[in-house]
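Q: First the structure, then my questions, so here it is.
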Amino acid sequence: MELPAATAVTDYYYPNKMVRIVLLAMEEVMGRNGVNAVLNLSQMKHLINNFPPNNFDRQITFGELSTLMRSLDIMYGPRGGRGLALRAGRACFKYGLKEFGPVLGIADLACRLLPLHMKLKVGADVFCETFNKFSDQQVKLTELEDRFIWENMRCPVCWGRTADAPCCFLAVGILQEALYWVSGGKNFEVYETGCVACGDEVCTIVIEKKPLD
Ligand SMILES: [Zn+2]
C-alpha cells in the first residue's frame, strides 16, 4: 500500500479557465501594462503575456489568486485596489457568462419570462453550483425572505491574507454584475459582512433582493 503524496492535499486550486477570465478582466480595467506589473509583483512572471490556457485543469492555487488581489492593494493603495478589484469582478462576469453560460444552460436566463425573484433564485443557484463544481472554492447559498446569504466556505480571493476589513471585492463585483445582468439592468446592494482575512470563519456576502432602482 502506498500513501498519497503529501503535496496532493496541501493546497486548493482554481481552473485555468477561471484565472484566465480574472486576468482578461483585469486587463480590461487596467490595461496590459497594469496586469503585467501586478503579475510581476505577485511573483507570477510566467503568466506575463502568457495567460493560462482556456481549459478546466485546476492549476492555479488559491494563494496565487489572492496574491494578485493583494498586489492590487500594494500598487494602488487600499482604496484604489478596492475600486479596481470591484471593476475587475464586474468585468469577470461578462467573460464568465461567455464561457460558462452555454455549458450551464443559463445564457438566455435574463430574457426568460420569469418573475424577477425567480430569475434571481435560478441565477444564484446556478452560479453557486458553478464554483462548487469547477473549482475548489466552496459556496453555500441560503435564501431568506429579503436577501441571499452567499458564504464562501473556502475563499480563493482572500486566501492566506489578513485585513482590517472584509477584502473580497473581486467576488462582490462578480455578484453585482451577475445580478445586473439577470435582472435586465437593475442594481442591487451586495456587500461583504464577514471575511476570513479578518478572522471570521467564512466570507459572507449579503445580496439584497430588492433592487436599488
Ligand atoms: Zn474571502
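The values are calculated or read from the model by the stated rules, or taken from the named source; none is laboratory data. Note that the structure is a prediction, hence the values are computed from the model and not measured. Positions of Cβ are backbone-derived with ideal geometry, glycine not excepted, and every protein chain shown enters the neighbour counts. Accessible surface is based on the protein model in full, side chains and every heavy atom, while ligands, DNA and RNA are left aside. Shrake-Rupley method; radii C 1.70, N 1.55, O 1.52, S 1.80 Å.
Q: Hey, can you tell me all the residues within segment 196-213 that are of a type outside the set (G, A, S) and part of a loop (DSSP other than H, G, I, E, B)?
A: Result: D200, E201, V202, K209, K210, P211, L212, D213.
Q: Evaluate the following for F169: is it of a type in the set (F, W, Y) and farther than 18 Å from A85 by Cα?
A: no
Q: Shifting gears a bit: Filter segment 149-162 down to the residues that are within 9 Å of the ligand (Cβ to nearest atom) and part of a loop (DSSP other than H, G, I, E, B), then identify the one that is surrounded by the most Cβ atoms within 10 Å (Cβ to Cβ).
A: P156
Q: Can you find, within segment 127-140, the residue that is nearest to V202 (Cα to Cα) among those that are crowded, with 17+ Cβ neighbours inside 10 Å and either of a type in the set (V, I, T) or in contact with an Asp or Glu (Cβ under 7 Å, 6 or more places away or on another chain) (or both)?
A: Restricting to residues being crowded, with 17+ Cβ neighbours inside 10 Å and either of a type in the set (V, I, T) or in contact with an Asp or Glu (Cβ under 7 Å, 6 or more places away or on another chain) (or both), the top hit is V139.
Q: Continuing with this model, one more query. What's the number of the only condition in (1) within 18 Å of L114 (Cα to Cα); (2) of a type outside the set (S, T, N, Q); (3) within 16 Å of the ligand (Cβ to nearest atom) that C168 fails to meet?
A: (1)
Q: May I pose another question? For segment 178-195, indicate whether the set of residues that are in a helix (DSSP H, G or I) and over 18 Å from G89 (Cα atoms) is non-empty.
A: No: segment 178-195 contains no residue that is in a helix (DSSP H, G or I) and over 18 Å from G89 (Cα atoms).
Q: Any residue at all in segment 39-47 that's in a helix (DSSP H, G or I), touching a helix residue (DSSP H, G or I) at 6+ places or on another chain (Cβ under 6 Å) and open to solvent by 50 Å² or more (accessible area, probe 1.4 Å)?
A: Scanning segment 39-47 turns up at least one residue that is in a helix (DSSP H, G or I), touching a helix residue (DSSP H, G or I) at 6+ places or on another chain (Cβ under 6 Å) and open to solvent by 50 Å² or more (accessible area, probe 1.4 Å).
Q: Just to be sure before I move on: is G123 open to solvent by less than 40 Å² (accessible area, probe 1.4 Å), modelled with pLDDT under 95 and within 24 Å of N16 (Cα to Cα) in the structure I sent?
A: It is true that G123 is open to solvent by less than 40 Å² (accessible area, probe 1.4 Å), modelled with pLDDT under 95 and within 24 Å of N16 (Cα to Cα).
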